[in-house]
1. How many residues are among the aromatic types (Phe, Trp, Tyr) and within 13 Å of Val92 (Cβ to Cβ) when one looks only at segment 29-59?
2. Please find, among Gly89, Gly123, Gly60, the residue that is farther than 24 Å from Pro4 by Cα, at pLDDT 95 or above and not hydrophobic (A, V, I, L, M, F, W, C).
3. With segment 1-107 as the region, which strands (runs of 3 or more DSSP E) entirely inside it contain at least 3 residues that are aliphatic (A, V, I, L, M)?
4. Restricting to segment 63-81, and then to whatever is more than 12 Å from the chain's Cα centre (by Cα) and surrounded by 17 or more Cβ atoms within 10 Å (Cβ to Cβ), can you tell me which residue is modelled with the highest pLDDT?
5. Being of a type in the set (A, V, I, L, M), within 13 Å of Gly89 (Cα to Cα) and out of contact with any helix residue (DSSP H, G or I) (no Cβ under 7 Å at 6 or more places or on another chain) is the filter; apply it to segment 1-28 and report the residue that is surrounded by the most Cβ atoms within 10 Å (Cβ to Cβ).
Amino acid sequence: MRLPEEIETTLYRIVQEALTNVERHSRAKHLKVSTGWHRDTFHLTVVDDGVGFNVRELVGGGGIGLRNMQERVEFLSGDFIIESAPRQGTLVRAQFPMHSWQPLLMQEKSKSSDDPQPTTITG
């Protein structure tokens, strides 16, 4: 099943930001990006074994990239989870329960039905 375009774009941006953060800050040796379904929820997870950080300190002060990821996910009624601690690596997860994106699918269907369909003329 394909996700709504808005969610696909958000997931792409989250992976992009998470990988940038790993490269710039984590000094990780290993990185794992995974996606999948658990019951009726689609999730994206990015995990590294880097230096980690204190989540409360960064999210409360700096961390513009983390805040942007969180805002993107929450705007689409998803859940954003970040787990990290000094010397423990970092986990970033975005979750979208199916009920949260059903309205987006309906919007996409109505948009596609409004698009003019090609006409074939034979003669």
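The values are calculated or read from the model by the stated rules, or taken from the named source; none is laboratory data. Just so we're clear, the structure is a prediction, and the values are computed from it rather than from any experiment. Cβ atoms come from the backbone with ideal geometry, glycine included; neighbour counts cover every protein chain shown.
1. 1
2. Gly89
3. Correct list: 41-48, 90-97.
4. So, considering only residues that are more than 12 Å from the chain's Cα centre (by Cα) and surrounded by 17 or more Cβ atoms within 10 Å (Cβ to Cβ), the one modelled with the highest pLDDT is Gly65.
5. Step by step, filter segment 1-28, then rank; the result is Ala18.
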